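The values are calculated or read from the model by the stated rules, or taken from the named source; none is laboratory data. Computed from a prediction, not measured in an experiment: that's the story for all the values here. In this analysis, Cβ positions are derived from the backbone assuming ideal geometry, glycine residues included, and neighbour counts consider all displayed protein chains. Surface areas here come from the heavy atoms of the whole protein model, side chains and all, with no ligands, DNA or RNA. Shrake-Rupley method; radii C 1.70, N 1.55, O 1.52, S 1.80 Å.
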Amino acid sequence: MSNGSPKTDTIEQGSVRVVGTAHVSEESAAEVESVIEAEQPDVVAVELDENRYRQFKGEDPEDIDPKELLRGSAAYQFLAYWLLSYVQKRLGDQFDVEPGADMRAGIEAAERIGADVALVDRDIQLTIQRFWAGIGLREKLGLLWELTLAIAGVGGQEAEEFELEELTDNDVVTAMIEEFRQFSPTAAETLIDERDAYIAHNLHDLRAAGLDVVAVVGAGHEAGILEYLDSPETLPPKDSLEQRQSKRFSLRKAFGYVLTLGFLLFFALLALSGADQPTLLAVFGAWFLFNGIFAFTLAKLAGAHWTSAGVGGLVAWLTSINPLLAPGWFAGYVELRHTTVNVSDIGRLNEILDDEESPIRDLVSNMLDVGLFRLIVIVALTNVGSMIASVLFPFLVLPHMGEEFESVGAISNAMLAGARNGADILIQALL
């Protein structure tokens, strides 16, 4: 929350007054109204994007495209976004104030004085996409673990230990940001630094158009935005902040490619070693069934329809041939015929998690009744089932496929024999 002398950056054409707030503070909401009434700006700029603004106005937000959740890591991006939103809701419940009350106060005050409302924040889905694509596996797992602990109310510092006034103080907010930056520097850059620049770009454009602006932003963004407004030449190009982030090296894909190479090499060497056709068909059939059973079983545990789990099981072996395909995608697409997914599912999930008295088993069961959550879990567990089967197959199944596979030594001898025969064939072809 701004205190002391007004923080205003002014040029000839227009002006920008930045009001830093706490998103769960009733006092921040009151200050926003007071500043807007006093300043009578042409525009009130709020830290919202189009979708969140529509929610504030009571309109239906842009619905979730279920197919987007089945592409790449979109499901995991959504999961991270949902967990973040739930943590904010918990803070709002603990302090008995609606999250985003400061933004709502800015919108309503603008309407009262006849000022325009400018949405200056970057689309949250783009922010989450850039964030998720830009961090490593360790950071992903660490972040999800920390968020899970926060939802469970364990680990870290309880929100009740903070005084409400402290949450609006810049020094405390800065300290919290720096702690988050130490945990995940990339996440801090995406969620804080990039958005500072994006918001500052929009405010600078409004100011350059000769408009007087009051900007309502979270206190953690205030210093960065003001620094950019003081030195707009330091702003990065806006288009660089609006592009979807290219994915970093994926350990999951690398593992998939190694597994594919190993699978193809194993069958090639097995064939070259002199193994007869029935043996090859038996090994492939066992691979097909073992992958299918694991994928099918975990899909059913996630609540998948029989047809969805069946399709996931039937195509599970393909992940060993092509790591860019995943059985969970196929199971998810079929599940959409039986499951309705929409944006209201997010609110239902938050309501379920608010029930702290329900046993964990009932909690999970109720969450799986929500289409959006069930779809994500079906996709994830079908893929996990296939991965587990791929790893366990050489140890649990292959030794029972015949004498040539009964031990590591026997398998190695068969592979060496295949390699020698393959080399002989290659040499003869070259000669």
Of those in the stretch 406-415 that are free of Cβ contacts under 8 Å to residues at least 12 places away in the same chain and closer than 19 Å to Gln277 by Cα, the residue surrounded by the most Cβ atoms within 10 Å (Cβ to Cβ) is Ala410
Pull up the stretch 175-207, narrow it to residues that are at pLDDT 80 or above and basic (Lys, Arg), then point me to the one that is least open to solvent (accessible area, probe 1.4 Å). Arg207
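For every residue, the table says whether it meets (1) more than 30 Å from Val334 (Cα to Cα); (2) open to solvent by 30 Å² or more (accessible area, probe 1.4 Å).
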{"residue": "Phe266", "(1), (2)": "yes, yes"}
{"residue": "Leu270", "(1), (2)": "yes, no"}
{"residue": "Leu280", "(1), (2)": "yes, yes"}
{"residue": "Ala286", "(1), (2)": "no, no"}
{"residue": "Leu289", "(1), (2)": "no, yes"}
{"residue": "Phe296", "(1), (2)": "no, yes"}
{"residue": "Lys300", "(1), (2)": "no, yes"}
{"residue": "Ala304", "(1), (2)": "no, no"}
Members of the stretch 114-142 found to be without any contact (Cβ under 8 Å) to a residue 12 or more places away in the chain and over 24 Å from Leu203 (Cα atoms), listed by number: Arg138, Leu141
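Starting from residues that are modelled with pLDDT under 80 and of a type outside the set (A, V, I, L, M), keep the ones in the stretch 352-398 and report whichever is most open to solvent (accessible area, probe 1.4 Å).
Checking each candidate, the answer is Glu357.
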Looking at the stretch 90-101, is at least one residue at pLDDT 70 or above and over 30 Å from Glu139 (Cα atoms)? yes
